[in-house]
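Have a look at the structure below before the remarks.
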Amino acid sequence: MLISYNWLNEMVPVGLGAYELAEKLTLIGLEIDGVHERDGDVIFDIEITSNRGDCLSHLGVAREVSAYFDKPYKLESQIEETPSITDRVSIEAPDLCYRFTSRIVRGVKVGPSPPWLVERLEAVGERPINNIADITNFVMHELGQPMHAFDLDSLNGRKIVVRRAAKGEKIATLDEEVRDLDPSILAICDTDKPVAIAGVMGGLESGVTESTADVLLEVACFDRDSIRKTSARLNLSTEASYRFERGVDIENLVKASNRAASLMSEIAGGDPQEFSDEFPSKRKAVSVETESLEREFRRLTGIELTDAEIEGYLKGLGFEIRGASSFEVPSWRHDVSIPEDLVEEVARIHGYDRIGEALPPSRSAGEYHHLEQRKRRLRTALVAAGFDEAMSYSFVDGAAASAYSTVDEMRGDETPLVLINDPIIEGANLMRPTLLTGMIEAVHKNFNHRESDLRLFEIGRTFRGLSESSLPEEKEMLAVVLTGRESFENTSAAGRAYDFFDLKAAVETAAEAIGIRGLEFAVATEPRHLQVGQSALVRFRETIVGAVGRLESTLADGYKFKQPVYVAELDLSFLLEEPESVAVYKPLDVYPSVVRDVSLVVTENISLSKILEVVSSAGFENFEKATYVDTYTGEGVEEGERSVTIRFEYRSPERTLTDKEVDQVHSEVLSSLESTFSARFR
Amino acid sequence: MSDEKQQLEAIRDSFEKEFDRFSDALKDGFRGMKLSAAEKLAKELGEFRVKHTGKKSPISGAMKLIGRVAPEQRADFGKTVQSVRARIEGRIAETEDSLKSYIRSAKTKREAVDVTLPGRRVRSGHLHPMTLLRHKIEDIFVSMGYAIEDDREIETDHYNFDALNIPVGHPARESKDTFYTTGGFALRSQTSTVQIRAMERRGAPIKIIAPGRVFRRDTPDQTHTPVFHQIEGLCVDTDITMAHLKGTVSEWLRRMYGEETKTRFRPGYFPFTEPSAEFDFSCFKCSGTGEFEEAKCGTCRGSGWIELGGCGMVHPNVLEGCGIDHKVYSGFAFGFGLERMAALMYSLDDIRLMFENDVRFLRQFY
């Protein structure tokens, strides 16, 4: 809101320059967003918090300045008029209109405003229209009370009825839009139709024009919620609705009307006549009761003030002291109802900067979230392995997300997903059930920037479980993606092209970092986003915890990816609840092992894990372990076959084995492989 | 006797003659000799040494001559033989030593590398700036005795609004600001929800920090994203005052930005605190002067202060709603946005980058 320094200074001169005053205003809660100079004036752009509707005028700011500097403010003199009762106004919706004053000003000459008025309005960002409209705007900026001037002759029956609009009623408003009204909207009507939308905007037909002779000036107070809803419903926010929503001073209506009428007389040559004040149920003053405000103040600020000091501050703000323990809130304040509110009032005028600084007593030891240390290890390990940490929005395009199998789906769980209303990003109506949509989007964007060697990970929540009765389930997932080639620090030399096994290594690195050892990988066809043949389900102790593999080709083609992309997603919530594996010492070997490397040729569908399982589970004597060495296809190996080299180790805990002993058991191992897999040896 | 002497001289002469090529090389310090040539020469010198000092060498044969010399001249002759032998051995050893050291230095030279070439290192990854900042802040607060809390991102209206003293009809509750699921739950619009759940679970006294994602229906632009991060702090105990709030926020900001950092508290408004305040800290770039490198400081726009967050004394309705007696306990809470803090720290003019996962951006932070 814009406030003119000159205008303010007329109301409450405190002898401070504009910039010094701006600083003080900030410190008492009227935050100055900007200050600019204008024709010998300085304009403050003040950010008024939504609870301080009373500050939306020069009077409002002057009251604050007055309280802070303990100097009185003054208002321009104005006509005093005793209300004469007429039957011109009837309030049919007293629940939405609390008070309505009307005044007839006869014989006005509508024309341009005098320079001083134009200057004041332009200083606060208002465009001059004509003297009558300008006066209503001026008084609003001066006293905070929005008002509206009607052309009396345009009102049917020359009467005002304040009622809910009827269904199907329409009004053309001053902005030349035709608006549909309904019974949720309070309308100012003449005897047969709405002539204004209460508290929001006047009607086009009933507005003051060059030919207007007699004016009906409306100065009223409406229900705040009702105005807010109307404004939202019509998507129409005005200076008036802004103030009514935040609350005007119901006891200030007559003053505001008098002030406007005085100006209409002075500037437009009008003659103020009949005045009516419909005030169906009088306002009840709000009082805050507290046993000892001094104690309450000390309890919350740590500052000791005397009762007299406290009362001084509150009186300066317009509070009435009713005995030692009761404080009557001024009619313009809608934000004070409990002792804590009074504490704030006293504290801000006394000065927040006069409150001390201390650390609270310490009764607890600090602690990280119980999963944080494991997550930090996870992040550290992935970063060390060359992965950059990504972060994506939590809502995604539902259609894009359906291309991915979630870990829950792989477990056979088809719980419905979580949708949101009115997404802000087009199409993004689904709370992500997987992090992979975001990761693949990231790959896509980076490819567009010619960044083709990528290693990314994200740790984030996924959601599922759409129900009105219970909150959705939130699960933390880890997604890992890699594509392109290995790259090195400080060199442009390209390394090896990544493949499936780089991804698998990353997943294992991640798991080990959080104390999870022994993930199992099995051939999978279920994950629809992964290419069959380069797709594996990941299990930990029989539970499916995720999948790893190469992005399936139609999905990759959709993004026009020209290089393979490898993706993995793991259920981190599950893994982090699993206990960490703990090292167990095994005595060092006393006798040496005997090693035999064997290359066996098997058909392609025989997996390494099957081969290792057969030899490990047979219980061969002195057999210690079998480990993978490498795989070979090419000359000497038929199509449809591959050669797998495996290192067998034999050891006895009691003695050094002889070659003869080893040869014997090794040949048993080989013949078992031969018979189980029809393997040949190279 | 002269016969033997002559033989001895002949041995010496033949040695000197044959040794010339080695001594010539030694004389000019093997200058310019290639490593391979030097190694060949060393090998030849080895053979030469065997030939001239081995068991079958002439000088070894000359030892036998000593017996043939008349007894009275034998001692003298013996000495002469020994001196010839010592000379031969000495000359060879001297040359061998030099040659070895020449070879060693030639090898060292050959093995020299350009130490300014890059180390052999797989490219390192980078933590997201949000994570880096969160870690730093969590570390500070844990050291100040706070427990880090985490909770749901989708919440009931109760936790997102009612329990925070945001009444029905409050503008913040409108769906134009808050996302709702089709099931009617809110995507939390502030991490204050965690305060409520933590107070319900732990009761008082309590000292917690709650970092997390929050959601508001803002169209993405340079300073807004519909998803962002907040950190919220809460301390409830007996006799907690605004002085503790100010002390805590100031201490944290000093640990964050240095001992010189100043803080400023201004009255503010939040439904869940009363009294409420906004807190600013002295600009870390211009040290609060408003000027940087003789121009208006861009970080604080010349004001010397950076607005960071909101805070206040926990509203009695909030405490009571969590079953904490507000007559016995009081507390403070504060909160701020991480994106904004990061944007200030790194002079970032577009916070949408935080969620775009552009590696040219991500790889700048460590």
Spread of Cα-to-Cα distances over 10 Å intervals beginning at zero, given as percent, for segment A:554-682:
10, 28, 24, 23, 11, 3, 0
I need the semi-axes of the equivalent ellipsoid of segment A:2-69: take the C-alpha gyration tensor, multiply each eigenvalue by 5, square-root it, list largest first in whole angstrom.
16, 13, 11
When averaged across all projection directions, what area in nm² does the alpha-carbon convex hull of segment B:129-362 cover?
13.4 nm²
Given the options B:E291, B:E18, B:E274, which has the most mean-square fluctuation in a GNM of chain B, springs set between C-alpha atoms less than 10 angstrom apart?
B:E18
Need the C-alpha centroid separation for segment A:130-163 versus segment A:302-362, integer Å.
38 Å
Mind checking which aspartates and glutamates have their C-alpha under 20 Å from A:K170, skipping anything on the same chain fewer than 8 residues away?
A:E92, A:D151, A:D180, A:D182, A:D190, A:D192, A:E205
Under a Cβ-only charge scheme (Lys and Arg +1, Asp and Glu -1), can you give me the dipole magnitude of segment A:594-681 about the Cα centre, in debye to the nearest 20?
220 debye
Cα-based Rg of segment B:1-160 normalised by 2.2 N^0.38 Å, two decimals:
2.51
By a straight-distance test (C-alpha under 13 Å), which aspartates and glutamates pair with B:K40 as possible cross-link partners, with residues fewer than eight away in the same chain excluded?
B:E96
Based on DSSP H runs of at least 4 residues, each adding -39500 (n - 2.57), what is the mean residue ellipticity at 222 nm of chain A after dividing by all its residues, to the nearest 500 deg cm²/dmol?
-9000 deg cm²/dmol
Taking just the C-alpha trace of segment A:118-179, give me its Rg and Dmax in Å.
14.7, 43
Return the average number of partner chain Cβ atoms within 10 angstrom of each residue Cβ along peptide B:125-134.
5
5 Å-binned pair-distance histogram of segment A:287-353 (Cα, whole percent):
4, 19, 35, 27, 12, 2
Work out the mean other chain Cβ neighbour count within 10 Å for the residues of A:491-500 and drop it here as an integer.
1
Mean separation of Cα contacts under 8 Å (at least 6 apart) over the residue count of chain A, i.e. the relative contact order in percent, is 9 percent
Under 5 Å, built H, 5+ apart or other chain: amide partners of A:V565
A:L551
Peptides ranked, highest mean first, by Cβ atoms within 10 Å: ranges B:164-176, A:113-125:
A:113-125, B:164-176
To test your reading of the geometry: what angle, between 0 and 90 degrees and rounded to tens, separates the Cα axis of helix B:2-27 from the longest principal axis of chain B?
30 degrees
Counted charge near A:S102, where neighbours are those whose Cβ lies closer than 9 Å (Asp, Glu -1; Lys, Arg +1)
-2
Note to self: C-alpha centroids of segment A:460-538 and segment B:95-110 sit apart, in Å, by 56 Å
Whole-number D in µm²/s for chain A (Stokes-Einstein; Kirkwood sum over Cα pairs; 25 °C, 0.890 mPa s):
74 µm²/s
Using the alpha-carbon atoms, what tilt in degrees (0 to 90, nearest 10) does helix B:129-143 show relative to the longest principal axis of chain B?
80 degrees
log10 I(q)/I(0) for segment A:89-278, Debye formula on C-alpha points only (no solvent), q = 0.08, 0.09, 0.10, 0.14 Å⁻¹, two decimals, reads -0.22, -0.28, -0.35, -0.71
Which Cys residues of chain B have no other Cys beta carbon under 4.7 Å away?
B:C235, B:C311, B:C322
Can you give me the long-range amide H partners of A:L204? Hydrogens built in the peptide plane at 1.01 Å from N, cutoff under 5 Å, separation of 5 or more residues or another chain.
A:A172, A:T173, A:L174
How charged is the neighbourhood of B:D221? Take every other residue with its Cβ under 10 Å from the Cβ of B:D221, and add Lys/Arg as +1 and Asp/Glu as -1.
-1
Less than 13 Å Cβ to Cβ from A:E294, Lys/Arg counted +1 and Asp/Glu -1: what total charge do the surrounding residues give?
-3
Can you order the peptides A:466-475, A:451-460, A:327-336 by their average number of other Cβ atoms within 10 Å per residue, highest first?
A:451-460, A:327-336, A:466-475
Pop a pseudo-label 7 angstrom from the Cα along the beta-carbon direction at both A:I79 and B:E320 and give the gap in nm to one decimal.
4.9 nm
Can you bin segment A:437-491 into rounded, prolate or oblate? Criterion: square roots of the alpha carbon gyration tensor eigenvalues sorted a ≥ b ≥ c, rounded for a/c under 1.5, prolate for a/b above b/c, oblate for the rest.
prolate
What's the center-to-center distance, using Cα atoms, between segment A:183-226 and segment A:577-604 in Å?
88 Å
Would you calculate a helix-derived [θ] at 222 nm for chain B, using -39,500 (n - 2.57) for each DSSP H run of n ≥ 4 and dividing by the full residue count, to the nearest 500?
-13500 deg cm²/dmol
Pairs B:K5/B:K55; B:K17/B:K56; A:K562/A:K610; A:K167/B:K176; A:K24/A:K315; A:K71/A:K315: which exceed 22 Å Cα-Cα?
A:K562/A:K610; A:K167/B:K176
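Read-outs: derived from the displayed coordinates by stated rules, not from any lab. All values reported here derive from a predicted model rather than from experimental measurement. Every residue, glycine among them, receives a Cβ derived from its backbone with ideal geometry; neighbour counts consider all protein chains shown.
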